[in-house]
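Remarks on the structure that follows.
The values are calculated or read from the model by the stated rules, or taken from the named source; none is laboratory data. Remember, it's a predicted structure, so these values are computed and weren't measured experimentally. Cβ atoms come from the backbone with ideal geometry, glycine included; neighbour counts cover every protein chain shown. Protein only, heavy atoms only, side chains kept; ligands, DNA and RNA dropped before computing areas. Shrake-Rupley method; radii C 1.70, N 1.55, O 1.52, S 1.80 Å.
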Amino acid sequence: MSKNLSAVVAHIAILLAVFIVCGLLSSVAAATDAGAAKFTGELEENATLRVLENDTAIKQGYLAELIAAFNEEYKDYHITVQDANMDQYTDLENDGPYGYGPDVLYQANDRIMRYPDGKHILPLPAEEFDCYDKISEKGWQAYRRTVAGQEYTFGIPVNVQGPLLYYRKDLLPENWESEWDDDGDGIPDMVEYWTDMYRFSKEIKEGGGGKKFGYMRSFLEPYFSVGYLYSYGGYTFGKGNTDPSDIGHSKGNAELGANIIRQLATVMDQRCIDDSVTTGAYAALASGEFFATITTPDVYTMFVDEMKAKGYTEDFIAENLVTTYIPKLPASGNLEDESQGFIECNMMGGVQGYAISSYTKYPNAALAFVKFATSYEMIKRRNELLGIVPARGDVADEVGGLSEVINNNLEAGNITVMPSIKENAQIWTPLQTLFQDLAKDAFRTGAEIKYATLDSMKEALQRVDQQIYDSIFTLQ
């Protein structure tokens with residue numbers, strides 16, 4: 001009888017747990033539905049909206065142009081938009097409840113999708129937007145969340161973000177067509193294959209007297225380096241970046257990607273360990289100190305401005321400032337070994353977009369603004385001023401070039417979109433610490449060298465995965 005009684009009690013406990021979870025999910029779904037219900041279609045007159053944009057859009061004048069166009073369009077409703085005038089990484093979770101947050105925010109999917117759990121942003125009627133059928137499913141997935149079996153959309157994709165290689169065509173060696181185009185495709189090998197970029201950069205460093213470099217990039221930002229792990233079988237979270245209990249930066253042959261980072265650091269100087277390369281890359285490429293670097297499409301105009309400041313003409317810049325996709329990696333995971341052929345470099349990317357704060361007093365006016373800002377005309381203008389890669393397929397098709405290439409790479413799986421779960425916030429510091437340490441190894445000697453073997457790199461990646469797991473499930 002005691003065994004039967006224990007079984008009954010256990011069964012009841014399980015049922016209670018299920019009921020509790022279902023109740024919680026139902027309450028969350030109800031709250032989410034209540035948020036969606038705020039969009040009545042009736043514009044709030046005399047509304048003043050504060051919009052948070054990124055620094056590049058502000059600096060290059062796009063936000064001012066967008067605001068002026070919207071305010072003119074909606075002047076009869078007495079709706080006014082203004083710059084929120086706050087840091088681009090403002091935390092809505094802490095600022096919103098006290099009235100300090102923006103009404104509308106433009107951020108990457110990993111930041112925006114921290115907010116649905118606490119009901120800090122509103123679910124949006126995506127099907128009402130004219131861009132609804134113009135954006136790929138992978139673009140929408142970055143902003144979708146399922147609650148109690150119901151799918152909601154919390155952001156409107158604007159910009160597909162993925163690293164690009166920027167290089168100076170005029171700094172190619174004069175004999176590149178005969179000595180640096182082994183495959184005969186008319187494209188310099190060093191911008192197609194990491195092995196050739198490594199060899200070319202090594203030559204420049206050795207002959208540059210500490211003043212000239214080939215490829216330069218800081219390892220301070222894991223966003224631009226974690227893709228090396230992905231390329232050899234690593235991943236961030238399991239189940240398509242939705243399961244934070246499965247952390248996989250050390251999985252597959254990811255240690256080969258760690259080895260790529262260590263090797264690339266050897267053709268740089270110690271600025272690759274800190275942030276000085278990132279902040280100085282625009283001027284360094286403009287002056288010819290760097291041949292190439294990697295960054296995102298939306299800062300193209302920053303390079304242009306620096307080159308103009310150096311006296312280069314627009315025609316010269318258009319001809320010689322080149323952007324292309326990331327070079328292919330050696331399948332061997334060794335930049336001095338091409339014997340096993342090459343693989344595509346699978347880099348981390350993101351989808352930037354607009355979201356609406358749950359704390360806004362003017363949800364319908366805010367929705368009107370987001371619809372206006374994601375219209376064909378404004379996305380095309382954003383591309384013209386900032387060089388973004390539009391999430392809207394119709395704009396991407398029209399502007400062509402790298403916009404089309406990056407969207408195709410996203411669809412092909414060569415760009416892995418950052419996880420759209422709040423746990424993603426825990427990956428950056430452990431990865432940054434390791435990537436910096438791998439880069440430091442390039443400047444260590446003798447017994448100081450920490451990563452002399454692939455096994456040592458594998459173990460380091462496993463420690464990183466454990467640190468991330470602990471920060472998510474143990475330390476909070």
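Annotations
- A count restricted to the range 364-390 and to residues that are at pLDDT 95 or above, in contact with a strand residue (DSSP E or B) (Cβ under 6 Å, 6 or more places away or on another chain) and not in a helix (DSSP H, G or I) stands at 1.
- Residue satisfying all of: in the range 204-233; in contact with a Gly (Cβ under 6 Å, 6 or more places away or on another chain) and part of a loop (DSSP other than H, G, I, E, B); surrounded by the fewest Cβ atoms within 10 Å (Cβ to Cβ) among these: 233
- Residues of the range 118-159 that are touching a residue at least 12 places away in the same chain (Cβ under 8 Å) and of a type in the set (S, T, N, Q): 136, 141, 150, 153, 159.
- The lone exception for residue 424 - which of (1) crowded, with 17+ Cβ neighbours inside 10 Å; (2) without any contact (Cβ under 8 Å) to a residue 24 or more places away in the chain it fails: (2)
- Filtering the range 109-124 to residues that are surrounded by fewer than 23 Cβ atoms within 10 Å (Cβ to Cβ) and either in contact with a Cys (Cβ under 6 Å, 6 or more places away or on another chain) or part of a strand (DSSP E or B) (or both) leaves nothing.
- For first residues located in the range 234-258 and crowded, with 24+ Cβ neighbours inside 10 Å, partners that are among the basic types (Lys, Arg) and lie 6+ apart or on another chain with Cβ distances below 9 Å form the pairs 234/251; 254/458; 255/458; 258/458.
- Residue within the range 43-54 that is within 19 Å of the chain's Cα centre (by Cα) and not in a strand (DSSP E or B) present: yes
- Yes/no for residue 59 being out of contact with any helix residue (DSSP H, G or I) (no Cβ under 7 Å at 6 or more places or on another chain), under 24 Å from residue 391 (Cα atoms) and open to solvent by 70 Å² or more (accessible area, probe 1.4 Å): yes
- Filtered residue count, the range 12-54, keeping only those that are modelled with pLDDT under 90 and of a type outside the set (Gly, Ala, Ser): 14
- Qualifying residue in the range 448-469 (condition: touching a Phe, Trp or Tyr at 6+ places or on another chain (Cβ under 9 Å), at pLDDT 95 or above, aromatic (Phe, Trp, Tyr) and within 15 Å of residue 229 (Cβ to Cβ)): no
- Scan the range 214-237 for residues that are among the hydrophobic types (A, V, I, L, M, F, W, C), closer than 23 Å to residue 282 by Cβ and out of contact with any strand residue (DSSP E or B) (no Cβ under 7 Å at 6 or more places or on another chain) and the total you get is 2.
- Restricting the range 369-398 to residues that are surrounded by 23 or more Cβ atoms within 10 Å (Cβ to Cβ) and among the small types (Gly, Ala, Ser), the residue that is farthest from residue 318 (Cα to Cα): 373
- Index of the failed condition, residue 201 passing every other in (1) in a helix (DSSP H, G or I); (2) touching a Leu at 6+ places or on another chain (Cβ under 9 Å); (3) more than 12 Å from residue 435 (Cβ to Cβ); (4) open to solvent by 10 Å² or more (accessible area, probe 1.4 Å): (4)
- For residue 401: the one exception among (1) under 29 Å from residue 83 (Cβ atoms); (2) without any contact (Cβ under 8 Å) to a residue 40 or more places away in the chain; (3) open to solvent by 10 Å² or more (accessible area, probe 1.4 Å); (4) in contact with a strand residue (DSSP E or B) (Cβ under 9 Å, 6 or more places away or on another chain): (1)
- Selection from the range 140-194 of residues that are open to solvent by less than 30 Å² (accessible area, probe 1.4 Å), within 20 Å of residue 413 (Cβ to Cβ) and not in a loop (DSSP other than H, G, I, E, B): 140, 157, 159, 160, 161, 164, 165, 194
- Top-ranked residue in the range 68-91 [being assigned to a helix (DSSP H, G or I) and in contact with a helix residue (DSSP H, G or I) (Cβ under 9 Å, 6 or more places away or on another chain); ranked as surrounded by the most Cβ atoms within 10 Å (Cβ to Cβ)]: 70
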